[in-house]
Amino acid sequence: MKYCRNCRIFYSSQAAACPKCGVSYEAAKANEIAEGEADKRRVRRDWIWLAVGIPLFIGLIYLLIKLFDMIG
């Protein structure tokens with residue numbers, strides 16, 4: 001039994017494509033591999049934003065506290 005990830009149904013192993021949406025099993029598998037690579041890039045980009053963003057946020061809070069100390 002093959003499983004179609006587009007319409008989420010099982011269909012016969014002898015069928016070349018999903019009977020409901022018409023997407024072939026091989027095309028869906030190739031698309032899944034491409035999505036996996038995109039997910040890795042997104043995760044890496046998210047970690048970079050965290051590594052840069054958190055210290056910048058802490059620095060901004062520190063500067064605001066120093067500014068209020070100078071004013072008050």
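Some notes on this structure:
- Evaluating 6.51 cos²θ - 1.76 cosθ + 1.60 at θ = phi - 60° for every residue in the stretch 46-51, the Karplus couplings come out as 5, 5, 5, 4, 5, 5 Hz, glycine and proline recorded as x.
- Estimated FRET transfer efficiency when R0 is 35 angstrom, pair ASP46-PHE68 (beta carbons, to 0.05): 0.60
- Each residue, LEU56 and PHE10, gets one label point 7 Å from its Cα in the Cβ direction; the gap between the two is 5.0 nm.
- Net charge of Cβ neighbours under 14 Å - reference ILE48; Lys, Arg +1; Asp, Glu -1: +4
We did not get these values from a lab; they are worked out from the coordinates using the rules stated. Here the structure is a predicted model, which means the values were calculated and not measured. In this analysis, Cβ positions are derived from the backbone assuming ideal geometry, glycine residues included, and neighbour counts consider all displayed protein chains.
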